[in-house]
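Structure, as structure tokens:
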Amino acid sequence: MKKVFKIAIIMALTFITIQVEKDFKNRDFFNVSKVQINDVSKSLQDDLERIKIDLLNKNVNDLNLKELEEKISKDARVKKVEISKQKLNEITIDVTEKESSYYVQYKNRIYSMDSEGTIFGMLEEYPRKSMPILLIKSEDEKIKLLEIIQKLKELDLKEEISQIHMDNKNLIYIVLRDGTRVKTQTEVSKKKYEIVMNLYKELIKTKNIEYIDARFKDILIKEKEGKDAR
């Protein structure tokens, strides 16, 4: 009998403790009063503001912040997000945005794209940068152009590129900052690009180059004619 009574007392105390804790967590001072968001681009800021409004006045103990992190991280503009509780009723949302590495022109619009080839925003949504423009008509073209740019990037030659586009399956144009065109294709090696660019840097000291063709065993060079020639 004493054992049963003891168990009943323990259960009653446990219930009371749980109830008190539950009542305590539901107090108004746990309602979110402030959501701090770090500086982000205007377009992303607008979306995060809507999340902020939705969080305000909700009980912080009822929020699944991990789930919210996963939701925000699915946004193509977001590289990383961390959400944390501050004090009893404040939340901080710290977002790291993806950085633009290239511009992509598709039809009549220009987009920002990261180094991995993810298109995540419009040109006008981010500060302008001096970056290569990829003119594409399909996802397949984008992949092939990125393969070429990656080779040039590894040679620290990315900054020399103004734009790159595919003319046909056997011809891709790399347009340099001064307007010189390099004819290429996906099979051209990184070593070949190194030779081409070293040759180009020497030639432009005395000549105006129309194009350099890197597609064949021997590198072909065509100078500009007429009034554009030196």
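Taken together, the values in this text are just the output of simple stated rules run on the coordinates, not laboratory data. What you see is a predicted model, and the numbers here were worked out from it, not measured in a lab. Here the Cβ is made from the backbone with ideal geometry for all residues, glycine too, and neighbour counts use every protein chain on show.
Structure above, values below:
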{"item": "Contact order relative to length of segment 28-97, as percent, for alpha carbon pairs under 8 angstrom and 6 or more apart", "result": "43"}
{"item": "Top positive-direction residue, dipole computed over the chain with Cβ charges, set V188, I164, Y111", "result": "V188"}
{"item": "DSSP-defined antiparallel bridges as percent of all bridges, the chain, nearest 5", "result": "70"}
{"item": "Cβ-placed point charges (K, R +1; D, E -1), dipole of the chain about Cα centre in debye, nearest 20", "result": "420"}
{"item": "Net length gained if the chain between D218 and M131 were fully extended (0.36 nm per residue, minus Cα distance)", "result": "28.3 nm"}
{"item": "Where labels lie 7 Å past Cα in the beta-carbon direction, separation of E154 and K169 in nm", "result": "2.6"}
{"item": "Most mobile of K217, K190, K74 in a GNM of the chain (Cα contacts under 10 Å)", "result": "K217"}
{"item": "Relative contact order [Cα under 8 Å, 6+ residues apart], the chain, whole percent", "result": "10"}
{"item": "Percent of beta bridges antiparallel (DSSP, segment 102-228, rounded to nearest 5)", "result": "70"}
{"item": "Among E159, E187, E69: highest mean-square fluctuation, GNM of the chain, C-alpha pairs under 10 Å", "result": "E187"}
{"item": "18 Å Cα-Cα reach of K52 towards lysines, excluding residues that sit fewer than 8 places from it in its own chain", "result": "K34, K42, K66, K71, K74, K80, K85, K87"}
{"item": "Of K58/K79; K158/K183; K107/K129; K107/K169, pairs whose Cα-Cα distance is over 25 Å", "result": "K58/K79"}
{"item": "Intensity falloff of segment 28-97 expressed as log10 I(q)/I(0), Debye formula with alpha-carbon point scatterers, at q = 0.12, 0.13, 0.14, 0.29 Å⁻¹", "result": "-0.28, -0.33, -0.38, -1.46"}
{"item": "Which labelled figure in [x] -0.36, -0.53, -1.12, -1.25; [y] -0.42, -0.60, -1.06, -1.15; [z] -0.58, -0.72, -1.07, -1.14 is log10 I(q)/I(0) by the Debye sum over Cα atoms at q = 0.09, 0.11, 0.16, 0.17 Å⁻¹, once derived from the coordinates", "result": "[z]"}
